[in-house]
Structures are given as structure tokens and as C-alpha cells.
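The structure appears right after this line, and notes come after that.
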């Protein structure tokens, strides 16, 4: 294998998760093992930082800081949703890479980010600039194709299941068959996240909360929903509804309170959860509908993240470096590959960036029970290993302590670039 | 001291907290130490369970279950908001006590619950029925008078501060000076809970999130609020707002989106957080306002509760039994008494139930900074000891495991009672 000597650049893109920094820690930790890697740089705010030559020296960060990245939520390097549009943008990226002798580029993100990485990789090949590009999967949405699951997903559903179980203890204490607890979770195009709340049920207790899971995969009918709520309240002291924000009706329109305008002509706020709350209060007088909107809290909840997920995120970062350095791989994304035995194991594999960029993994319909509001045993068997174990987040003075990068800037070599 | 031989009855009342079950565990554990106590009963759903003679045998629960109560959120005995109204209700309570030889009554709750306990105690005295009644403080609202603080408060602000710190990592990653993160927390009549989010700031980092704390104690002005948000966004990448649900305007009216009706004449849902979100989107076009509504999750978050708070809740339960048995105290509530030294210590004391029932502890105005949206060092010094330490909640298969009482019913001795 010809050795490629040069520098590493790592970046983060898209919405953060509670474990995406663990992947960066994995990249840095592994990069230090390889003598062909001279410098380890980070780009601030993904491709935006590349265009603007906003690079930092990650090798200059203390070891404590890199270790603390493993349990720090958010994206420590900053992230962006910027899409490279013009050919000039791509040319600029390559200019910056050449100016800083970047020979290894690792990009953690979802579909769009892997698409960007793919295009950068292809351009480098065209121009004969030797560059190895490896994507690292990241998304709480769990919707990347080929990989068995995505780093970030296990942690978000562990936090949500924990929250559902806790709130249910509270609901049970007050419950007089008149309480509907609605918990709105993320997931605009697929129900992976809402579905994961099924883990709150104890084994062999199908009547445990959550009683109703509203998924974007199942066309929403208000009649059926109210019917389901009434059925649960007849049996249980309270009814727990978990709803994904991407709920749609039979016509494919988002079910959301914000479709309406109020008496003053202002857009009414609130998403699917708020809509369901209004529906219950309007159609079931006397019923109390309580809403929890977890929002950003769910994808940032490092204090309740999954050790399995965290370890796999770190492993994906390490693997990206090894594939690039030891196997001269490029233009691929690291995938997570589940072992075939009953005992859960997880290894890494590779898939072409272009296939990741253009694919999406839907929640299999056969994993949704016939009632449309609960999940099958196969689904539970799939997600259960992803939430195992707890991460020991250090607390100081009663609150968790997270990493703060020093962010030593690399001297700019090029003239400024207009975005 | 004359020994009073008989049975114990313990009950829970009002909104649950993540540590109110620790107080019940304290009562049970301590009661077992005293030979004058024959049986340990629990009442299901507070005074409702007494009226209906719905009593359970707590001594019959396994030791594992009682130990697990220490980290189980909600109210394991069930709770209620029922107020005894008629004289018949009070007479019935005493009848039930006599029928089951209840000589010790411990009631965990807030003002209303302590008022109920006080009236039961007074009636027993009038009728010459020897009964010792001790209240146990419980409320996330921290608004009971005399006691230095209330079990439940430390845990709710630990969870909220943790959440603010985590979400801020996420916000910082995306922040382009155009993001306002609103986090709505509980606290209808006082700002104790919202104020506690100040613990998310690192020491000597006054510009850390939360940047703006909206308290019911400070009359809300939309002009000032927008001004504050703009000031923060000019300086920081994002602006974090923590708002207590009880926000009021200069006329004392709740600031809430639900004051309005929509175009269809339906009441618009959403509270103070939803209102602020609408305000920002209307008055600061281009700004993204994101809302997290923690709702019940905050008072049920056992997995992120405070060890100090949990220990004190347990201690309050133990102390209630000791005061009643060893010192023949009655008609009082256990208080938490802070030591006078710099090193935090906490002991128990007693206060008359009637004084607790009729008092309320406001958030001292001098603890709110002049800007009206941040807290003073004295406040931080007051709350810091209350969030110290983490509770080791056992996880099984990736989710926390909580206690489930067997609830062995005590045979009813009396005819049914119409509520």
C-alpha cells in the first residue's frame, strides 16, 4: 500500500447529536497512531469553515479536552446546513485543501453531508489531487441506507424511553382516567424516533405506556385517534401518546397546529403535539391533555446517552481513519454492520458515498403492528441493543461538565473568499 | 414520654416530584425501628383513599421495592388534589382512623395538603382521639414558608440546568446570531424554578446561557424582552430564554398564547413559552425561535435528580416518624434547617401546620439582579448545595427500572362512603 503523507481535516455537518463529538474524538485518537499523518485540523462549521479557511489545530487541544469530547453534546467544531452550490465553491475547497496539504478528509453527517463529501472526492480525483475522503454516519433520524443504524439514534431513543417511563410514573399517580399525556419528538420524514419510545414498555407488558405512537408512516385520522384514546382511557388511568413531528394526514399534509392563523392573522404556532392537544380538548371535554415538547433537549441529552451508541460513534471515527490510511479507501462512508448471531455485535464496513447520498432507509412497515400505533417484537429486537449501557458524564457542582475547545486557528494561506 | 401504641398511615398529596417517594421510604424505614408501631399502612390517592378506606399494607412490600422507592419518580401511593369540604368528610377520616387504629399520620405535600393535615389533627384533638400528625414538605415550587427549602426543588433545578447546558452545546454549534432557544419550565406563582436555571452558567461566566430568565416576579414587557434578545444576539451566537409558565404582565394577567382564540373560535393552546416564540417570530423576522416545553418531564426526571435533595427527602420522612414517636409531637410539619456555617449542612426542625398552610415563601426580590432577567450571587449560593450529587438509578436493558408496589389491600371495616 503506497503511504500517503499529509494532514487530516475533520468536520461536522447537519443537526448535532449527543454523540457526534465522540466520532471526532475517534478520528483524533486514531490519527495520532499513524506517522503518515502530520497535522490534525478541524474545520469550523463544516464546509463553511473550509470555504473561509477557518481551520483549527486539533492536535494542540489537551488530552482532557479530547477525552471530554466523548460525552459532550452538540457539535464542538460547529456545524452548518450550507450546501456547496457553484463550481467555484468546489474549486475553493480543493484550493484550501492544497494550501494546507489536506490528504485525509473525514466528514460526519447525514445524507446531504455525505453528498457534499462525495462531490469533493470526485473533484479531487478529476484534478489528480490525491485525497482520501471517508464519511462518518451521524443522525438521530436513523434514515441513512446500507448502515444497520446510525450513531446518534440509540441515544435519542434511550432518552425518550427514559422520559416516557418517568412521566408515566407521574401520570399514574394522578390518573383518574381523564389524563392524556402527549410527548412530541423529532422525526420529520420517518418515525424511527417516535417508534423507539416503545422501549419504555416493560417486557411482556404490552399495555405499558406509550399507549399510542403516532408515526408519519401511518396516515393520521382524527376519528381513529380519538377512538384509540378513549379505548386506552377506558382501560388505563391515563393515556400516553408519543407523536413524531412529521405526522401527516391521508393527503400527505403535515398535521400541525401551525397550518392555521389566529384571529389576528398571525400564524398559529405549534406542531403535531399541539395539534393533538387541541383535538383532545375539543372532542373530549373534561379530559386533560398535557404536552411535553422535547425539541433540542432530546438530541443534546448527553447525560442520558447510550454507551453502546457512544462507543460505536467513537469506533466509526477511528475506523474512518484506519480505512483511509491502512486500506487507501476513499469516497466511502463507514457503515455499522450488525453480526448475524443472537448475541449483538457490531463491526464497521464501507459503502460508496454516492449510494448513501441518494438513499434513505424507511421504517419497515412490517415492524408497525396492525393497529398502526404500536411496534412489533422484531422492531424491539432491532433497537434494544442500541440503547444498552450508560455513559459516565462527569458532574461538577451538580451540573455536567462539557468540553470547550481552545480552537487555535491555523494561519490562512489564501485570500478571503466571498460566499 | 407516654408510649402511643398503634398503626401508621402515610399518604402523598398534590403534584408528584422525583423524590417524594424517598420520603415515604424514609417513613417506612424509620417506622420499622419502633416497637410501638404495629402496622404500616399507606393510603391510596391521599385523603381520597382515607375516605374510601383504600388502604394498603406497606410492611408487606419487599425490601427491594422499598429501596427502589428511593429513586422512583411520581407518587407510588397515588396522589390527589381533592380538598375535604364538608364536616362529614372530616368525621369520616376520623372514623377510618379509629377503625384501623391509626395513631400516626404522615402526609407529604404542599400548602393545601398541610392544611388538610392540620384540620384532621385539630378534629382528633377536639374528639379526644389520640393521634399524632406530622406533615412532610414536598413541592418542586419551593414555596413553603419557614423551611429553608423543599424536597423536590433541588432535583427539578438540577435537571433543568443540565438540560440548559446540553441544549446550549447544540445551539452553539448552529448559532449564526439568529437563534433564540426558549425553554418553558413550571412555576405558576413564583419564579423559583426558572431562577434555578442560573446554575447552568459556569462560575465567573455571566454571559453563559441562560441569557434571559423570565420570572413571574418581574412584570413582562414585550418591548424590553425584544430589546434584551437583540442585545444578546449582538453579542452571542444564540440567545437562551428560560421562562416560568406563570409569567404575568404589568396588569397581573398571565402572558400566554392561550388568551387568544383562533380564526375558528377555538381557544389557542400554548403557554408563556409559546407566546414568546410567537412574539420573536413576529417582531424579529428572520430569527428562528425554538421551543422546548419540559412539562411533566421536569418533575419526574429521577434519572437526573439531586442526591442532596433525595437524601433530604428520605431524612424528612424518617424525622417525621421520630418526632411523632420519640417526642410525641403532633400538628407540625418537618422543616429543613440550613446550618449557619459556610459549609452546607442541613438538619430537620418543626413548624406548626397552620403556619405552613397559610404562608408562602416568595422568591426574594433582592436575589433578582437589577436587569430583571438574571440572578444574584446570593441566590446561586442558596441553590448550589441543593443540586449536589447524582442518584444511581439502576438501568435494565437501557432504561431505568422503577418500583411497583404490590398494594395488598387492608380489609375494609366500614360501610362505603359517598364522596
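The values are calculated or read from the model by the stated rules, or taken from the named source; none is laboratory data. Everything numeric in this text was worked out from a predicted model, so none of it was measured. Using ideal geometry, Cβ is built from the backbone for each residue, glycine included, and neighbour counts are taken over all protein chains shown.
Each residue in the stretch A:376-388 was checked for being in contact with a strand residue (DSSP E or B) (Cβ under 9 Å, 6 or more places away or on another chain) and more than 7 Å from chain B (Cβ to nearest Cβ), and 6 pass.
Scanning the stretch B:55-65 for residues that are surrounded by 21 or more Cβ atoms within 10 Å (Cβ to Cβ) and in a helix (DSSP H, G or I) yields a single hit, B:58. In the set B:49, B:11, only one residue is under 19 Å from the mean Cα position of the chain (by Cα), at pLDDT 95 or above and closer than 20 Å to residue B:129 by Cβ; that residue is B:11. Reported count of residues in the stretch A:172-193, each being within 7 Å of another protein chain (Cβ to nearest Cβ), touching a strand residue (DSSP E or B) at 6+ places or on another chain (Cβ under 7 Å) and crowded, with 24+ Cβ neighbours inside 10 Å, is 1. When residue A:409 is tested against (1) surrounded by 13 or more Cβ atoms within 10 Å (Cβ to Cβ); (2) touching a residue at least 60 places away in the same chain (Cβ under 8 Å); (3) over 30 Å from residue B:157 (Cα atoms); (4) out of contact with any helix residue (DSSP H, G or I) (no Cβ under 6 Å at 6 or more places or on another chain), exactly one condition is not met: (1). For the stretch A:164-197, filtering for residues that are in a helix (DSSP H, G or I) and under 18 Å from the mean Cα position of the chain (by Cα) leaves 6. Restricting attention to the stretch B:83-96, the residues being surrounded by fewer than 17 Cβ atoms within 10 Å (Cβ to Cβ) and in contact with a helix residue (DSSP H, G or I) (Cβ under 6 Å, 6 or more places away or on another chain) number 0. Within the stretch A:34-64, the residues that satisfy the criterion of being out of contact with any helix residue (DSSP H, G or I) (no Cβ under 8 Å at 6 or more places or on another chain), over 20 Å from residue A:74 (Cα atoms) and away from every other protein chain (no Cβ under 14 Å) are A:35, A:38, A:60.
Looking only at residues of the stretch B:389-399 that are in a loop (DSSP other than H, G, I, E, B) and at the interface with another protein chain (Cβ under 8 Å from one of its Cβ atoms), we find that the one that is surrounded by the most Cβ atoms within 10 Å (Cβ to Cβ) is B:398. Out of the residues in the stretch B:66-83 that are assigned to a helix (DSSP H, G or I) and either free of Cβ contacts under 8 Å to residues at least 40 places away in the same chain or more than 24 Å from residue B:101 (Cβ to Cβ) (or both), state the one that is farthest from the other protein chains (Cβ to nearest Cβ). Only one residue tops the list, namely B:67.
Among the residues of this structure, residue A:344 counts as one that is more than 19 Å from the chain's Cα centre (by Cα), surrounded by fewer than 22 Cβ atoms within 10 Å (Cβ to Cβ), within 14 Å of chain B (Cβ to nearest Cβ) and in contact (Cβ under 8 Å) with a residue 24 or more places away in the chain. Selection of the stretch B:341-376 for residues being outside any loop (DSSP other than H, G, I, E, B) and under 17 Å from residue B:192 (Cβ atoms) yields B:356, B:365, B:366, B:367, B:368, B:375. Scan the stretch A:347-360 and tell me whether some residue there is more than 14 Å from every other protein chain (Cβ to nearest Cβ), closer than 27 Å to residue A:310 by Cβ, out of contact with any helix residue (DSSP H, G or I) (no Cβ under 7 Å at 6 or more places or on another chain) and without any contact (Cβ under 8 Å) to a residue 12 or more places away in the chain. Checked the stretch A:347-360: at least one residue is more than 14 Å from every other protein chain (Cβ to nearest Cβ), closer than 27 Å to residue A:310 by Cβ, out of contact with any helix residue (DSSP H, G or I) (no Cβ under 7 Å at 6 or more places or on another chain) and without any contact (Cβ under 8 Å) to a residue 12 or more places away in the chain.
Here's the yes/no breakdown for (1) more than 14 Å from the chain's Cα centre (by Cα); (2) buried (at least 19 other Cβ atoms within 10 Å of the Cβ); (3) outside any helix (DSSP H, G or I); (4) within 14 Å of chain A (Cβ to nearest Cβ):
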| residue | (1), (2), (3), (4) |
| --- | --- |
| B:98 | yes, no, no, no |
| B:117 | yes, yes, no, no |
| B:147 | no, yes, yes, no |
| B:157 | no, yes, no, yes |
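Residues that are without any contact (Cβ under 8 Å) to a residue 60 or more places away in the chain and not in a strand (DSSP E or B) within the stretch A:34-49 comprise A:35, A:45, A:49, listed in sequence order.
Inspection of the stretch A:17-34 identifies no residue that is crowded, with 18+ Cβ neighbours inside 10 Å, under 25 Å from the mean Cα position of the chain (by Cα) and modelled with pLDDT under 95.
The C-beta contact set for the stretch A:371-385 (first residue under 18 Å from residue B:399 (Cα atoms), second residue at pLDDT below 95 and surrounded by fewer than 18 Cβ atoms within 10 Å (Cβ to Cβ), distance under 6 angstrom, 6+ apart or interchain) is empty. Is it the case that residue B:412 is away from chain A (no Cβ under 12 Å), in a loop (DSSP other than H, G, I, E, B) and under 23 Å from the mean Cα position of the chain (by Cα)? No: the conditions fail for residue B:412. For the stretch B:255-286, taking the residues that are at pLDDT 90 or above and touching a strand residue (DSSP E or B) at 6+ places or on another chain (Cβ under 6 Å), the one that is nearest to the other protein chains (Cβ to nearest Cβ) is identified as B:277. Residues in the stretch A:300-313 that are at the interface with chain B (Cβ under 7 Å from one of its Cβ atoms) and part of a helix (DSSP H, G or I) were compared, and the one that is surrounded by the fewest Cβ atoms within 10 Å (Cβ to Cβ) is A:303. Among the residues of the stretch B:168-193, the ones that are modelled with pLDDT of 95 or more, closer than 19 Å to residue B:387 by Cα and touching a helix residue (DSSP H, G or I) at 6+ places or on another chain (Cβ under 8 Å) come to 4 in all. Which of the residues spanning the stretch A:101-115 are touching a helix residue (DSSP H, G or I) at 6+ places or on another chain (Cβ under 6 Å) and surrounded by 24 or more Cβ atoms within 10 Å (Cβ to Cβ)? Across the stretch A:101-115, the qualifying residues are A:104, A:106, A:107, A:108, A:114. One residue alone among A:319, A:297, A:324 is within 10 Å of another protein chain (Cβ to nearest Cβ), assigned to a helix (DSSP H, G or I) and closer than 30 Å to residue A:29 by Cα, and that residue is A:297.
Any residue that is farther than 28 Å from residue A:397 by Cα and either buried (at least 24 other Cβ atoms within 10 Å of the Cβ) or away from chain A (no Cβ under 14 Å) (or both) - is there at least one of those in the stretch B:234-241? Yes, the stretch B:234-241 contains a residue that is farther than 28 Å from residue A:397 by Cα and either buried (at least 24 other Cβ atoms within 10 Å of the Cβ) or away from chain A (no Cβ under 14 Å) (or both). Just to be sure, is residue B:224 modelled with pLDDT of 95 or more, farther than 22 Å from residue A:79 by Cα and more than 24 Å from the chain's Cα centre (by Cα)? Considered against the rule, which asks whether it is modelled with pLDDT of 95 or more, farther than 22 Å from residue A:79 by Cα and more than 24 Å from the chain's Cα centre (by Cα), residue B:224 comes out as yes. Evaluation of residue B:199 against the conditions (1) touching a residue at least 24 places away in the same chain (Cβ under 8 Å); (2) farther than 28 Å from residue B:24 by Cβ; (3) within 8 Å of another protein chain (Cβ to nearest Cβ) shows that the sole unmet condition is (2).
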